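Remarks on the structure that follows.
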Amino acid sequence: MPQMSPLNWLSLMIISTIMLYLFLTTNYFNLLYNSNNKKSIKEKMKINWKW
């Protein structure tokens, strides 16, 4: 079993953190953008919670 070096592990953590951050911020801005339309927010919540 190959052992990962600390540098590879650190870069992997940084990439995953950035991806998660971008995902959360885009969802947040979409909600802000559609804040005047409550129906679309409810539909998005249904889509998000129905995995």
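The values are calculated or read from the model by the stated rules, or taken from the named source; none is laboratory data. Since the structure is predicted, the reported quantities are computational estimates derived from the model, not experimental observations. When we count neighbours, we look across all protein chains shown, and the Cβ atoms used for this are built from the backbone with ideal geometry, even at glycine.
Table for the structure above
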{"read-out": "Checking residue 3 against (1) in a loop (DSSP other than H, G, I, E, B); (2) surrounded by 10 or more Cβ atoms within 10 Å (Cβ to Cβ); (3) modelled with pLDDT of 65 or more; (4) not acidic (Asp, Glu), the condition it does not meet", "value": "(2)"}
{"read-out": "Condition check for residue 45: modelled with pLDDT of 80 or more and not in a loop (DSSP other than H, G, I, E, B)", "value": "no"}
{"read-out": "Check on residue 38, surrounded by 10 or more Cβ atoms within 10 Å (Cβ to Cβ) and modelled with pLDDT under 90", "value": "no"}
